[in-house]
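Below: the structure, in structure tokens.
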Amino acid sequence: MSTPTSPSGRVKPRRLPRRPASSLAEKWTNVDGVDVFYRESPNPPEDARVMTHVHGFGLSGRYLLPTAERLASEFHTYVPDLPGFGRSGKRRGMLDIPDLAQAARGFLDDRGVARATLVGNSMGCPVIIEFAHTYPERVDRAVPVSPAGGLYNQPLRRAIRQLAADATREPTRMAGVAVPDYVRFGVPSTMRLFRALTQYPSLRRLLELRIPTLVVLGERDPLLPHAHRVDEVASQTDSHVLVVLLEGAAHAINFSHPDQLAHVIRLFMDDQPIVNDPMWPGHVRLYEVHRGKHHPSPRG
């Protein structure tokens, strides 16, 4: 059996899973000298809109797969591990939000993608917000899910308590995905990225976006203010933002509630009213919390 190599010809680390983690195709590319691992729709529809999923703090794209898989037959889907995360190689000085947004742009450039819808979770939200702020011509729509960072997650000890509380509210199988990623990411990288994440002006930049933007919040997410506070702040400006609350969900919605998240993303992408699927369990419901003055009105 031959030894697998990366696009640059170097031997890949022996930490690849024995079986693919999802139905998406697993691939490698090399972006600016860094080996980047990503997953992609195996057979995207012709002329399908591109959708890229961006992972959170210290994690790889693996926990985003449940939602990404449900959308992969409708959208040309990409789930990259950004440089320094997951299986991708590291790049010196790649641990602040603007650098990660630039890395995401480099990945899309490498894939020949001119415009995409960006779906982020946790830290991935400020990354896609920064991307849309810096490269507005490259983004069709933005979907921040459980955005993290800012004053509400400061200082570090408060964020640690919030993360500990969230861990008890997530599915137990999430630990099997997250713990290896966190260990691989390491303590020094965690400290540096935490400072960059909490200093980034996520809310201000979010409300400044001039593209249709869907924000999805979990009702049980300890890392975020209450939905009423979000509505109060968002109502202070005429934005393009639609805020939806998912009952019963905590922080890692892309992993814990993929059916519901994929459902609301589909509605958002086609400017349909935010409605619940009658087949969902009674404790899982979507609620529209806020609709900015400039967000598209429902067509249905």
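No other residue among 177, 187, 119 is among the aliphatic types (A, V, I, L, M), under 20 Å from residue 66 (Cβ atoms) and modelled with pLDDT under 95 apart from 177. Going by the structure shown, is residue 283 closer than 24 Å to residue 69 by Cβ and either among the hydroxyl-bearing types (Ser, Thr, Tyr) or loosely packed, with under 14 Cβ neighbours inside 10 Å (or both)? The answer is yes for residue 283. Considered as a group, the residues in the stretch 263-280 that are aliphatic (A, V, I, L, M) and surrounded by fewer than 20 Cβ atoms within 10 Å (Cβ to Cβ) include one that is modelled with the lowest pLDDT, and that residue is 279. Kindly establish whether residue 38 is at pLDDT 95 or above, of a type in the set (Phe, Trp, Tyr) and part of a helix (DSSP H, G or I). The answer is no for residue 38.
If you check 120, 150 for being small (Gly, Ala, Ser) and touching a Pro at 6+ places or on another chain (Cβ under 6 Å), only one passes: 120. Could we say that residue 152 is within 17 Å of residue 252 (Cα to Cα), surrounded by fewer than 19 Cβ atoms within 10 Å (Cβ to Cβ) and not polar (S, T, N, Q) here? Against the criterion (within 17 Å of residue 252 (Cα to Cα), surrounded by fewer than 19 Cβ atoms within 10 Å (Cβ to Cβ) and not polar (S, T, N, Q)), residue 152 does not qualify. Among residues of the stretch 181-201 that are part of a loop (DSSP other than H, G, I, E, B), those with a Cβ under 9 angstrom from a residue that is at pLDDT 85 or above, sequence gap 6+ or separate chain, pair up as 186/58; 200/96; 200/97; 200/98; 200/126; 200/129; 200/130; 201/126. Condition check for residue 178 on (1) under 27 Å from residue 87 (Cα atoms); (2) part of a helix (DSSP H, G or I); (3) over 17 Å from the mean Cα position of the chain (by Cα): one failure, at (3). Is there a residue being closer than 19 Å to residue 117 by Cβ, assigned to a helix (DSSP H, G or I), in contact with a strand residue (DSSP E or B) (Cβ under 7 Å, 6 or more places away or on another chain) and without any contact (Cβ under 8 Å) to a residue 60 or more places away in the chain anywhere in the stretch 271-292? No, the conditions are met nowhere in the stretch 271-292. Residue 204 passes every criterion in (1) touching a residue at least 12 places away in the same chain (Cβ under 8 Å); (2) closer than 23 Å to residue 244 by Cβ apart from (1). For residue 221, the criteria (1) closer than 29 Å to residue 110 by Cα; (2) in contact (Cβ under 8 Å) with a residue 60 or more places away in the chain; (3) not in a strand (DSSP E or B) hold in every case but one, which is (1). I'd like to check something: does the stretch 78-85 contain any residue that is modelled with pLDDT of 95 or more and among the small types (Gly, Ala, Ser)? No - not one qualifying residue is present in the stretch 78-85. Taken together, the residues in the stretch 226-257 that are among the β-branched types (Val, Ile, Thr), within 19 Å of residue 53 (Cα to Cα) and touching a residue at least 60 places away in the same chain (Cβ under 8 Å) amount to 1. Taking (1) part of a strand (DSSP E or B); (2) out of contact with any strand residue (DSSP E or B) (no Cβ under 7 Å at 6 or more places or on another chain) in turn, residue 58 satisfies each apart from (1). Considering only the stretch 38-59, I want to know if a residue exists there that is at positive phi and in contact (Cβ under 8 Å) with a residue 24 or more places away in the chain. Looking through the stretch 38-59, at least one residue is at positive phi and in contact (Cβ under 8 Å) with a residue 24 or more places away in the chain. For beta carbons closer than 9 Å, sequence separation of 6+ or different chains, a first residue in the stretch 102-125 that is farther than 30 Å from residue 223 by Cα and a second that is of a type in the set (Lys, Arg) and in a helix (DSSP H, G or I), the qualifying pairs are 113/138; 114/138; 115/138. For the stretch 252-262, the candidate set comprises residues that are of a type outside the set (Val, Ile, Thr) and more than 12 Å from residue 285 (Cα to Cα); within that set, the residue that is surrounded by the most Cβ atoms within 10 Å (Cβ to Cβ) is 254.
The values are calculated or read from the model by the stated rules, or taken from the named source; none is laboratory data. The shown structure was predicted, so the numbers you read here are calculated from the model rather than taken from an experiment. In this analysis, Cβ positions are derived from the backbone assuming ideal geometry, glycine residues included, and neighbour counts consider all displayed protein chains.
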